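Notes follow the structure.
Every number here is computed from the coordinates shown, using simple stated rules; none is lab data. Predicted model, so just to flag it, every value in this text is computed and none were measured. Don't worry about glycine lacking a Cβ; one is built from the backbone with ideal geometry, like all the others, and counts go over all protein chains shown.
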Amino acid sequence: MSCWYALYTKPHKEQHVSAVLQARGIETYLPTVPIYKGRRRTEKSRVFFPCYLFVRMDPGTVGHSSVALTPGLRRIVSFGGQPAVVRDDVIDTIRHHLKRMEASGYPMEYAFQSGDRVLIKSGPLRDLEAIFDKQLSSSDRARILVDILGRLTACEIELDRLEKVSRKRPGRGVD
C-alpha cells in the first residue's frame, strides 16, 4: 500500500523536483496558491510550503535512488532514520484548506498596494496605522512604514496581521 511522504528540496526547486518525479511515474502533490498583482490574479502561483512537496509511493521504494537522488532534492523528511509517513487525512486537510482559501478570495484579502493605509491587528504595534510599502518576495511578509516619534520607520510584518483601512482613524499612527 502506498503512503504519502514529505520531501525537502533546494530553494525554488519544488516544481522541478515534482516534474522529474512525475516523469518517473511517481504521484506528487505540490500545494500552491495563486499570485495576485494588485487586484488581478496572474497565471502564476507560489508554493504554499516553500522547499517542500509530497510524494505518494510504496514504503519499499522510499529510499530508492530514483527518488533520493533526484536533482534539486535535499532529503526525504525522516525521523529516527525512517522516512516520515504523512497520513492521507493530512493531505486531504491541506487540499480542503487551500480550496476554502481560494473560494474565499485568498489572497485577495492581502492584496495591498504601495501607499495603502493599513491597520496592524496584532503584535507589539497592534492598533497602529501604517503605510503599506511592499510585499516581500520570499514570504508572506510585508514592509510597512510606521510613524515612530514623528518619523516613518520601515518595519517587517506578516501580511495576516494587516487590515486595509479605508479612512484615517483619529489619534492613531500615520498622519
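A few notes on this one:
- Residues residue 46 and residue 127, FRET efficiency given R0 of 41 Å [Cβ-Cβ distance, rounded to 0.05]: 0.85
- On the basis of the beta-carbon distance and an R0 of 30 Å, residue 160 and residue 82 show a calculated FRET efficiency of 0.30.
- Each of 101, 57 has some number of other Cβ atoms within 10 Å of its Cβ, and from fewest to most they run 101, 57.
- Taking Lys and Arg as +1 and Asp and Glu as -1, the other residues whose beta-carbon sits under 12 Å from that of residue 54 total -1.
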